[in-house]
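Undergrad: Here it is: the structure, laid out below.
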Amino acid sequence: QVQMVESGGGLVQAGGSLRLSCAGSGRTFTAYNVGWFRQAPGKERDFVGIISWNGGTTFYADSVKGRFTISRDNAKNTVYLQMNSLKPGDTAVYYCAAGTGWTPREHDYAYWGQGTQVTVSS
């Protein structure tokens, strides 16, 4: 079983930056690809991006490409989501999720964090 905890959410003005952290459990977490998803009120949960187990490869949704960057420090069992040039449309609960595949599908991720709220004001 993999457990993860997100942190770093909060309120930020449009154009600002925020870094989210996803702290995972032990070496098992280190072996998984980690995706980031977000869910706005009344909307479905959408794919944001993914990083490979060793941090060597990333892929992003078009909506965030060029603004968001995913990285990981496996020595600390932590994955990061650096969010720059934030827009009000980025407001959502952000989740990290662990899985073995390379996929944007929510269903393909077995383990999820509790989520952290990001609010971007205009």
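The values are calculated or read from the model by the stated rules, or taken from the named source; none is laboratory data. The model shown is predicted, which means the values in this text are computed figures rather than measured ones. Reconstructed Cβ throughout: ideal geometry from the backbone, glycine too, with neighbour counts over all protein chains shown. These area figures cover heavy atoms from the full protein model, side chains too; ligands, DNA and RNA do not enter into them. Shrake-Rupley method; radii C 1.70, N 1.55, O 1.52, S 1.80 Å.
Undergrad: Could you tell me how many of the residues in segment 12-31 are crowded, with 16+ Cβ neighbours inside 10 Å and within 14 Å of the chain's Cα centre (by Cα)?
TA: Matching residues across segment 12-31 total 6.
Undergrad: Let me ask something else. Tell me which residues, restricted to segment 72-82, are of a type in the set (S, T, N, Q) and either open to solvent by 50 Å² or more (accessible area, probe 1.4 Å) or within 21 Å of Val120 (Cβ to Cβ) (or both).
TA: The one that is of a type in the set (S, T, N, Q) and either open to solvent by 50 Å² or more (accessible area, probe 1.4 Å) or within 21 Å of Val120 (Cβ to Cβ) (or both): Gln82.
Undergrad: Can you tell me which residue in segment 41-54 is farthest from Ala92 (Cα to Cα), limited to those that are open to solvent by 30 Å² or more (accessible area, probe 1.4 Å) and part of a loop (DSSP other than H, G, I, E, B)?
TA: Asn54
Undergrad: Moving on. Please state which of the following conditions Thr57 fails to meet, knowing it meets all the rest: (1) farther than 19 Å from Asp73 by Cβ; (2) modelled with pLDDT of 95 or more; (3) surrounded by fewer than 16 Cβ atoms within 10 Å (Cβ to Cβ).
TA: (1)
Undergrad: Quick check, is Ala97 surrounded by 13 or more Cβ atoms within 10 Å (Cβ to Cβ) and over 10 Å from the mean Cα position of the chain (by Cα)?
TA: no
Undergrad: Sort through Ser85, Ser122 and tell me the only one that's more than 14 Å from Tyr32 (Cα to Cα), open to solvent by 70 Å² or more (accessible area, probe 1.4 Å) and touching a Lys or Arg at 6+ places or on another chain (Cβ under 9 Å).
TA: Answer to the check: Ser122.
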